[in-house]
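Have a look at the structure below, then the notes.
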Amino acid sequence: MVLLVVIAVTTLLPLVWMVMASFMPSGDASSVPPPFFPRHVTLDQYIGLFTRLHLGRSLFNSALLSVAVTLISLVVNSMAGYAFAKYRFRGRAPLFKLLIASMVIPAQVTMLPLFLLLNKMGLINTYFGVIIPGMASIFGIFLIRQFAMTIPDSLLEAARMDGASDLRIYWSVILPLCKPILVTLAIFTFMGTWNDFLWPLIVMTDDSMYTLPVALANLAGEHVQDTELMMAGSVMTVMPVLVVFAMVQKYYLAGIMAGSVKE
């Protein structure tokens with residue numbers, strides 16, 4: 001128990017100091033020894049990020065892309081996962097095995113052909129350049145498919161006997177029952193898109209289209225001595241993810257634990 005507390009405190013200390021340093025006046029965090037709590041609490045670093053460095057647009061870009069990719073990928077992945085779990089069609093098993101096998105291909109390998117394709121389509125430096133590659137993922141399809149396979153077929157047959165169409169069954173039966181795993185996938189997708197650095201750096205060529213991680217990386221080179229400013233930017237990057245996780249952690253844990261308990 002004591003060991004767990006020590007590990008938890010050690011893990012949280014850097015995060016807490018990051019928040020404390022973001023409220024320090026310029027230069028305080030670089031003093032020796034560095035203080036843990038701010039001597040004078042100030043919001044100058046946050047104000048500077050929005051007024052002097054114009055990170056408001058980058059924050060908007062990150063929020064827009066993360067929400068859009070999350071919502072679209074939930075629809076696409078849930079439909080594909082449901083189809084692989086409950087529909088019988090020619091080539092279903094080989095196609096699913098091919099999808100699973102392609103998970104071993106590193107994402108970096110596909111970046112060049114994907115960039116050339118999007119460039120041909122005229123989508124470089126647009127929101128769609130980030131949204132389209134994130135619309136579906138093999139991991140998401142696999143996750144939904146495995147969860148949907150636990151739903152009894154008799155439930156779907158009963159819905160069909162009551163006259164429900166395939167779309168109605170998907171909307172009124174499958175989606176409510178898959179709620180825990182959908183929330184889990186939504187958190188993974190939101191966090192992945194919000195924290196993604198490499199692909200937005202490649203696709204977005206204009207400063208006004210930068211996401212928050214890309215904009216902060218550019219600022220780090222110019223303001224490497226402004227520790228408090230960088231800490232404020234880091235807080236802006238981390239906090240939205242923590243807030244989202246805190247809001248849906250009940251469903252997230254239910255999705256993670258799904259299937260782990262045998263009755």
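The values are calculated or read from the model by the stated rules, or taken from the named source; none is laboratory data. Since the structure is predicted, the reported quantities are computational estimates derived from the model, not experimental observations. Cβ atoms come from the backbone with ideal geometry, glycine included; neighbour counts cover every protein chain shown. Areas reflect the complete protein model, heavy atoms only, side chains present, ligands, DNA and RNA absent. Shrake-Rupley method; radii C 1.70, N 1.55, O 1.52, S 1.80 Å.
A few comments on the model shown:
- The residue list ILE202, ILE181 contains one member that is modelled with pLDDT of 90 or more and more than 30 Å from GLY27 (Cβ to Cβ), which is ILE202.
- Residue list for the range 14-33, restricted to those being open to solvent by less than 80 Å² (accessible area, probe 1.4 Å) and over 14 Å from ALA232 (Cα atoms): SER30, SER31
- Residue match in the range 120-137 (condition: over 22 Å from TRP194 (Cα atoms) and surrounded by 10 or more Cβ atoms within 10 Å (Cβ to Cβ)): yes
- Being over 30 Å from the mean Cα position of the chain (by Cα), assigned to a helix (DSSP H, G or I) and surrounded by 12 or more Cβ atoms within 10 Å (Cβ to Cβ) is a condition met by no residue of the range 44-55.
- Condition met for GLY27 (modelled with pLDDT of 85 or more and on the phi > 0 side of the Ramachandran plot): no
- All positions within the range 67-94 that are within 24 Å of PRO176 (Cβ to Cβ) and either aliphatic (A, V, I, L, M) or touching a Pro at 6+ places or on another chain (Cβ under 8 Å) (or both): VAL67, ALA68, VAL69, LEU71, ILE72, LEU74, VAL75, VAL76, MET79, ALA80, ALA83, ALA85
- Filter result (open to solvent by less than 60 Å² (accessible area, probe 1.4 Å), within 16 Å of VAL76 (Cβ to Cβ) and assigned to a helix (DSSP H, G or I)) within the range 148-178: ALA148, TYR170, ILE174, LEU175
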